[in-house]
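The values are calculated or read from the model by the stated rules, or taken from the named source; none is laboratory data. Just so you know, these numbers come straight off a predicted model, no measurement behind them. Please note: Cβ atoms are built from the backbone with ideal geometry, for glycine as well, and neighbour counts cover all protein chains shown.
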Number of protein chains: 2
Amino acid sequence: MSNDKRRRNILKGVAATAALELLPEAKAGNTGAAIPATTPRIIAEGSVPRWDGETEVLVIGLGCAGAAAAIEAARAGAHTLVLEWTSGGGGTSAMSGGNFYFGGGTPVQRANGFEDNAEEMFKYLAASTGIAPDLEKIRLYCDGSLEHFQWVSALGVPFKHSYWQHNFEPWTDDCLWYSGSEKTHPYNTLARPAPRGHKPEIEGSSTGGRLLMEKMQQALLVAGAERVMDARCVALIKSARGRVVGCAAKIAGELRHYRARRGVILTTGGFIYNPVMVARYAPQARPLPPLGCGTDDGSGIQLGQAAGGECINMNAIAYTCPVLMPLKFIKGILVNEHGQRFINEDVNHKRIGEFAVLHENSRMYLIVDNNIYDKPRFPGVRLVAAAETIEELEIELGLPQFCLQDTVETYNFHAAQGRDPLFGKQAEHLKPLDKGPYAAFDCGLAGGAPYSAFTLGGLHTRPSGEVLDMDGCPIPGLYAAGRATSCLSAQSCGTSGIQIGEGTFFGRLAGRSAAKNSVDSTHPLR
Amino acid sequence: MSNDKRRRNILKGVAATAALELLPEAKAGNTGAAIPATTPRIIAEGSVPRWDGETEVLVIGLGCAGAAAAIEAARAGAHTLVLEWTSGGGGTSAMSGGNFYFGGGTPVQRANGFEDNAEEMFKYLAASTGIAPDLEKIRLYCDGSLEHFQWVSALGVPFKHSYWQHNFEPWTDDCLWYSGSEKTHPYNTLARPAPRGHKPEIEGSSTGGRLLMEKMQQALLVAGAERVMDARCVALIKSARGRVVGCAAKIAGELRHYRARRGVILTTGGFIYNPVMVARYAPQARPLPPLGCGTDDGSGIQLGQAAGGECINMNAIAYTCPVLMPLKFIKGILVNEHGQRFINEDVNHKRIGEFAVLHENSRMYLIVDNNIYDKPRFPGVRLVAAAETIEELEIELGLPQFCLQDTVETYNFHAAQGRDPLFGKQAEHLKPLDKGPYAAFDCGLAGGAPYSAFTLGGLHTRPSGEVLDMDGCPIPGLYAAGRATSCLSAQSCGTSGIQIGEGTFFGRLAGRSAAKNSVDSTHPLR
C-alpha cells in the first residue's frame, strides 16, 4: 500500500495538465503524429525544461517484450512506468497466435510422450538461426525454457496438454506442435527432434496472442507497474556523462519528459512498417507484404542507434510462405524456374520462403499428381497448369525441355525406394508422383502466393538486455528486448514461436537488469 | 610560389618535434599500433590541447580514393593535407592491376570498334550491382566516365589502344577487356554489351596499380597537396555544434591534432582485415581469404560511424573465384552438390563465387570432357574425379544417382542446338560434353579453390561525398569515398574495375566538395 502510494507520488507529474513545452511543429499548429526528421532523437539532460514524470525503470512499448520487462522490473521492486504509443497496447504480439517456442521437457511435451532437453533444443536453434547465431543468447534461452514456461503459465496463460499433428499453428485450442524444422533434414541429423511450439489454450489461430497480452497486462498492473497510453516516445535523454536518464514523449501533441533513474528499456518492435528503413537495410523485403502492425516502424531502433547503439543483422528477414497446405501437398515437389528442386518440401514454410526469395528469384511451382491434388488452403496459391503427363505440364509451364521431366523421374525413382538423396525429405512424405493428371500451382511471390515478411535485425544487446555500442560496450542506462533487437534468429528464421518466446524471455532479463541497475549517482534525489 | 609559402606556413606545426600530448597507453610505455577500444573515436574540439597542424582539406588514407580527393582539393585551391598510416601509401589500389571500369565510348573502345554510350553503361551497372543500387551514383559515374578517362590519362597513366580477348585481367600491357558480365545472360538482354575494363599499359597483372599510385602521388604533390606518412588517424575532432573540424593521429607514438577548416575526407578502405567487423556484419565471409591489405581494417568506417555516420550494405561482399581458367573451361559445366547446374558458366567469376558461397553451400564442381580437359591455371582447383562415363563420374563424386547424368544429358541436348534455355550461356561456349573420359574439378571453397573476399559496405554518402547520418542528413565537415563507403556495387559485385573506377571518381568529387565547403565560421582565424 505504502509502496503503491510512493509510486503514485513519484509519478504524479504525469497527471499534470498544465501546458508543457511543445515541439516546434506542435507550436505551429501541426499536431499530426509525424515527427520531422530534424527533431533530435537525443536531448541533453541539461536542456530538459522540467520533468513531467519520474520512475526507476521506463519501458517504451507494450508488446510482449515490454510487458515482460515491466512485470519483472516491478516485481523486483523498482518503480516501473510503461509508455505505449497506441491506446490499447499489445503490438504485433496481440495479433499473433501467441505461440511460444518452449522446450527442454515441458509438462506438455512430457504429457505427450516427447523427450526433450536443453542441449537438443540448443543444437537445433544453433543450427537453424543463420550463419553466426548468438550462442550465448540461445544457451540462456534453452537452459531457462522450463522456468520460462512456468513463468508464463503462472501469468494465467493456459496450455492444454494436447498434441496437434499438423505443420501449421493450431486453430483449435490444442497446444503442442512441430513449429520448426526439427524433424527435417538437415536438422534431424544434428539434434534429436521434439515439437516445441506451445500455443495457448484458446480456439482460433490469432486469439492466442490477444489472450497472452491480456494476461500480461493484468500481471503488469498487479505487479504495480504503471502505464501511460497514447504516448509516443520521440527522444531519449542523455546526461552529460553519456548515461540514458529518460525520454521525451509526445502525448496529445504535447512533449513530456520522463526521468528514469535506473534505466530505459526499448521494446518497440521491428521496422517492417518503415519503408525507408526496409529499403536501406533489407531491400529484398520491399516487395513482400509486411507482417506486423504499424507500430513496427523502427522508431525505437533508431532511438537506440541515435544514443550510440549498434544495429546488427539489419538485412535479416523472416519470410513466411504457407503454400504447402493441406499437409499432403508436402508429398508434391517444389521446383524453381529451371524445373529443379531446391529444398526438402517438409521444412518449415519460413525456410521455404527464405530460399525462394533469396536463392530462386522468388519463382517457385508446386507440382502435384492426382493422388494429392487438392484445393489450397490459402488464397493466392493459383493453379496455373494441368496436364495428363509431366512432359505436357513442362510445356504448359514454359520450362526448358526435359528439366521438369528429369526432376520428376529422378525424384520418383528415389521416392519409390523411400529415399530423397538430394534434400532428405522424410520418408513419410515420399511417394512417386505417377498418377496423372498432374498440376502445378504458382507459389512465387509475383504469382500472388501468400508471402509475408518481418524484420529480424535491430539493436545489438547483451543477453541481459544492455544495448551495446559499436565497440561492444554497454550504453549506461539503456536496455532493449524483442524485435527492436537482434536476438535468437540472428540471420534466419525457420521456426514459429521464437518471436514471442524470446521477446518475453529476454524482456524479463532486461527488466531485471534495469531494476537492479545502480541509480544514476548524479541524481539530486539520492 | 606565395601560395606554396602560405601552405607551408599553415602546415608548419607538422614539422614541430616538441613533445606532444600522448595517449594513455603511450605514456605507459606501450607504443604498439593497437589502439585500445576505450580510446574515444570522437574528441571534442574544446578538449584539444593544441593544434599541431592546420589545413583546409584533410584526407585520411592514401589509396586511389584519397589520392584523387587530394589532387582535386588541391587543384581547387584548398590547402590539402593527406595523413597515411603506412610509410608508402597506395593501399589495396597499389596491389591491384589498376584496372578501371570506363565506358561511354572511350578512345580505347572506339579504336577497337566497340560502340558504347553512358546509357548502356548505366543499364548494365544498374542491373548488375544488387537489388537496390545507388542509381544516382551510377548515373553520375556513367555520365562522367569519358571525362574521368581523360583525367586519369592526364595524370600520366597510359592506356594502350589494344583489346584483350580473354575473360581475365591482361597480364600483358594490353588494355581493353570484358571485365564484367556484359556479354552474358541476363545482362546481354538488358544492355548492349561493350568491354569496359581498361588496364594501364604496363606488363604484369599486378603492376598496373603500382603505376597508377605512383602517378597519382606525383600529381598530388604537383598540385601542392602535402603528405604525412606513418600517421595513424585515431579520432575525429568535433566542434560543439557537431561539425567535424579535424582529427587526431598517432605519429611515432605521439598524438597530434590536425585542424581541417573545410572538411575531413575518409578514404581508408574497407574492413575485410577486421575479423571482428567481418564476424559482426558479413559472417559469411569469415572462411574466405581476404583480398586487400592490412590497412583495410575498417578503422575509417568506424570513425565515421562514431561521428554519427550511417553504415549501409555492411553484409555485402565481393567474392572472387577465378576457377574457369583456361578460357575453354567455360565450355564445361558447374554443378552444385546435387549435380544441378545453377549459373551460366560464362559470367564474371565474382558472380560465380557469389552464387557458390551464398546459394550453393560453397560446394561446386567443374565437369569437363576430354575435349576441353586442361591443367587449371590456378592452384587449388583440384582434379577430384575422372571416369570413362558420366555415370561413373557421378558415382565417383558421390552425387545422387541420375542427377549428374540428367544434368549432362539435358545440357548436351540443348547445347547441340546451340541453346542453353536454363541459364543462357552464350552459344560460343556451348558444346556437348560427349567425349570421354570425363573429369571433375572441385571448385568449392572447402576444396581449396582460389576464392577471396573483400567488403562492399561502408559509410552512406551522397555522390558528392558528404557522409550521411541515419536520417540521410550530411554531417557537417565530413566526407568519404572509396571502399570506406557503400558505392556502386551496393549489394553485389560481378565486375572488375569498379573499385578503382569509383574510388578515383567519387574521391575526386569528395575532394572538390570539401574544397569548396564553407569554412567553419566559428574558426578564430577568419
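General observations
- The sole residue among B:181, B:206 that is of a type in the set (S, T, N, Q), closer than 30 Å to residue B:156 by Cβ, away from chain A (no Cβ under 14 Å) and within 21 Å of the chain's Cα centre (by Cα) is B:206.
- The condition of being in contact with an Asp or Glu (Cβ under 6 Å, 6 or more places away or on another chain) and either in the same structural domain as residue B:504 (by TED's automatic domain parsing) or farther than 20 Å from residue B:68 by Cβ (or both) holds for only one of B:182, B:147, B:203, that being B:203.
- Checking B:312, B:251 one by one, the residue that is away from chain A (no Cβ under 14 Å), of a type outside the set (Ser, Thr, Tyr) and either out of contact with any Leu (no Cβ under 8 Å at 6 or more places or on another chain) or buried (at least 20 other Cβ atoms within 10 Å of the Cβ) (or both) is B:251 and no other.
- Residue A:404 vs. criteria closer than 30 Å to residue B:130 by Cα, touching a residue at least 12 places away in the same chain (Cβ under 8 Å) and within 11 Å of chain B (Cβ to nearest Cβ): yes
- For segment A:263-276, a residue qualifies if it is crowded, with 24+ Cβ neighbours inside 10 Å and not small (Gly, Ala, Ser), and the qualifying residues are A:264, A:265, A:266, A:267, A:268, A:271, A:272.
- Residue identified as modelled with pLDDT of 95 or more, of a type in the set (Lys, Arg) and either closer than 21 Å to residue B:467 by Cβ or outside the structural domain of residue B:266 (by TED's automatic domain parsing) (or both) among B:210, B:227, B:243: B:243
- Flag set for residue A:420, criterion: acidic (Asp, Glu), in contact with a helix residue (DSSP H, G or I) (Cβ under 7 Å, 6 or more places away or on another chain) and more than 21 Å from residue B:413 (Cβ to Cβ).
- Considering only residues in segment A:76-113 that are under 19 Å from residue A:180 (Cα atoms) and in contact with an Asp or Glu (Cβ under 7 Å, 6 or more places away or on another chain), the one that is modelled with the lowest pLDDT turns out to be A:97.
- Selection from segment A:316-334 of residues that are in contact with a helix residue (DSSP H, G or I) (Cβ under 6 Å, 6 or more places away or on another chain) and either more than 27 Å from residue A:430 (Cα to Cα) or within 12 Å of another protein chain (Cβ to nearest Cβ) (or both): A:317, A:318
- Comparison of B:444, B:424 shows that the only residue that is of a type in the set (Gly, Ala, Ser), surrounded by 22 or more Cβ atoms within 10 Å (Cβ to Cβ) and in contact (Cβ under 8 Å) with a residue 24 or more places away in the chain is B:444.
- Within segment B:114-125, the set of residues being within 12 Å of residue B:182 (Cβ to Cβ) and within 21 Å of the chain's Cα centre (by Cα) comprises B:121, B:123, B:124, B:125.
- Positions within segment A:185-200 being within 19 Å of residue A:320 (Cα to Cα) and either of a type in the set (A, V, I, L, M, F, W, C) or not assigned by TED's automatic domain parsing to the domain that holds residue A:63 (or both), in sequence order: none
- Among the criteria (1) facing chain A (nearest Cβ under 10 Å); (2) within 11 Å of residue B:453 (Cα to Cα); (3) touching a residue at least 40 places away in the same chain (Cβ under 8 Å), the one residue B:292 does not fulfil is (1).
- Hey, residue B:430 of a type in the set (A, V, I, L, M, F, W, C), without any contact (Cβ under 8 Å) to a residue 60 or more places away in the chain and surrounded by 16 or more Cβ atoms within 10 Å (Cβ to Cβ) or not: no
- Residue B:465 assigned by TED's automatic domain parsing to the domain that holds residue B:195 and under 30 Å from residue B:397 (Cα atoms): no
- Of everything in segment A:177-212 that is touching a Leu at 6+ places or on another chain (Cβ under 9 Å) and buried (at least 24 other Cβ atoms within 10 Å of the Cβ), the residue that is nearest to residue A:422 (Cα to Cα) is A:180.
- Residue within segment A:445-460 that is closer than 23 Å to residue A:56 by Cβ and in the same structural domain as residue A:209 (by TED's automatic domain parsing) present: yes
- Scanning segment B:373-399 for residues that are assigned to a loop (DSSP other than H, G, I, E, B) and buried (at least 20 other Cβ atoms within 10 Å of the Cβ), we see that the one that is nearest to the other protein chains (Cβ to nearest Cβ) is B:399.
- Single residue of B:371, B:344 found to be outside the structural domain of residue B:166 (by TED's automatic domain parsing), over 16 Å from residue B:448 (Cα atoms) and out of contact with any His (no Cβ under 7 Å at 6 or more places or on another chain): B:371
- Filtering segment A:335-358 to residues that are within 11 Å of another protein chain (Cβ to nearest Cβ) and of a type outside the set (A, V, I, L, M, F, W, C) leaves A:336, A:337, A:338, A:339, A:340, A:341.
- Test result for residue B:251, more than 24 Å from residue B:468 (Cα to Cα) and in contact (Cβ under 8 Å) with a residue 12 or more places away in the chain: yes
- Spans of helices (runs of 4 or more DSSP H) in segment A:85-190 with at least 2 residues under 28 Å from residue A:219 (Cβ atoms) and in contact (Cβ under 8 Å) with a residue 12 or more places away in the chain: A:91-95, A:107-111, A:118-128, A:135-143, A:145-154
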